[in-house]
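Peer 1: Got a structure here, written out as structure tokens. Questions coming.
Here, each number is a calculation from the coordinates, and none is a lab measurement. Bear in mind that the values here come from a model prediction, so they are computed numbers and not experimental data. Every residue, glycine as well, gets a Cβ built from its backbone with ideal geometry; the counts of neighbours run over all protein chains shown.
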Amino acid sequence: VDGVHQFVAVDIPGLIDGAHAGKGLGDKFLRHVERTRLLIHMVDLAGLEGRDPLSDYARINSELREFSASLATRPQIVVGNKADLIEESAIDRTVARFAEIGVELHPISVATGAGVQALVRRTFARLEALREKSDAPPAPVVRRRVYRYHGETGFRIEREGEAFAVRGAEVEKLVKKLVLDSRDAWEYLSERLERMGVMRELHRLGCADGDLVRIGDVEFELRR
């Protein structure tokens, strides 16, 4: 940052639609993103190839939200690159569009270096603020009993012959939208089922490795 202070940054390739489901190795990239404390969300200010920076911003945030609820709330610094390729007035219009949705957009140009050092300093300051916040004393623990709701947004598991049938709107929607034709897709499904509590419940009910699990029209053998 200034010859004394430093931070570690990870450069993640651009995500495509369906990245959260494994398209274009997107889920592998998103696993790296989960390890970060702060996201620098970069969009193309120049709008090359007919792209709209605001639409791209919304699309990537949607992918983050689909992959992980925690990523959806991860702090972000939103940056518009390629400011050297368009007029100042066009930059101002895009900055104003982002401001309308409550987002501060920071124009830079990696090619010329304009705004880059200011971005580095801003990033370091934000990381320091987040570190101080994480070092603060924990909030008082409020103990309460939590009941799992097995309604429309939950799930239930029933034994059907030799199979364990998992039913529920959310879990069935998840399986229906996935194309389970690769190892990455199956690993992604396993991770999502783990986060939803399905794997834990299957284990509690005695489902072991090799047992048949059915979700909607999809059947597979449990593997841990």
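Peer 1: Trypsin sites (Lys or Arg not before Pro), restricted to segment 51-114: which are DSSP loop and have at most 14 other Cβ atoms within 10 Å?
Peer 2: R51
Peer 1: Using θ = phi - 60° and the Karplus relation 6.51 cos²θ - 1.76 cosθ + 1.60, list the HN-Hα couplings for segment 92-104 in order, rounded to whole Hz, with x at every Gly or Pro.
Peer 2: Result, rounded to whole Hz: 4, 5, 5, 4, 5, 4, 5, 4, 4, 9, x, 10, 8.
Peer 1: Now, a different point. Can you pull out the GluC sites (Glu not before Pro) in segment 150-201 that DSSP calls coil and that have at most 16 other Cβ atoms within 10 Å? Write down the numbers at each step before the final one.
Peer 2: Working: sites: E152, E158, E160, E162, E170, E172, E187, E191, E194, E201; in loops: E152, E162.
Taking segment 150-201 and a limit of 16 other Cβ atoms within 10 Å, the loop GluC sites (Glu not before Pro) found are E152, E162.
Peer 1: Which loop-located GluC sites (Glu not before Pro) does segment 66-129 contain, where loop means any DSSP state but H, G, I, E or B and the Cβ has at most 16 other Cβ atoms within 10 Å?
Peer 2: E87, E104
Peer 1: What FRET efficiency do you get for D92 and L38 if R0 is 25 Å and r is their Cβ-Cβ distance, rounded to the nearest 0.05?
Peer 2: Numbers: r = 26 Å, r/R0 = 1.04.
Taking R0 as 25 Å, the efficiency between D92 and L38 is 0.45.
Peer 1: Take the alpha-carbon positions of segment 19-134, form their convex hull, and give its projected area averaged over all directions (one quarter of the hull surface) in nm².
Peer 2: The number I arrive at for segment 19-134 is 7.9 nm².
Peer 1: Which distance in nm do the two modelled labels at A114 and R195 give, with both placed 7 Å along the Cα-to-Cβ direction?
Peer 2: With each label placed 7 Å out from Cα toward Cβ, I get 3.9 nm.
Peer 1: May I pose another question? Once the dipole of segment 19-134 is set up with Lys and Arg at +1 and Asp and Glu at -1 on Cβ about the Cα centre, which of V78, V103, L38 lies farthest towards its positive end?
Peer 2: It is L38.
Peer 1: Over the Cα atoms of segment 156-221, what radius of gyration and what Dmax do you get, in Å?
Peer 2: Here Rg and the maximum Cα pair distance are 11.1, 29 Å.
Peer 1: Ok, one more. Whose amide H sits under 5 Å from the amide H of V43, counting only residues 5 or more places off or on another chain, with H placed in the peptide plane?
Peer 2: Under 5 Å from the amide H of V43 lie the amide H atoms of V79, G80, N81, each far enough along the sequence or on another chain.
Peer 1: OK, next. Taking a point 7 angstrom from the Cα of E100 along the C-beta vector, which residues in segment 32-57 have backbone N less than 12 Å away?
Peer 2: Once the point is set 7 Å along Cα→Cβ of E100, 54-55 turn out to lie under 12 Å by backbone N, inside segment 32-57.
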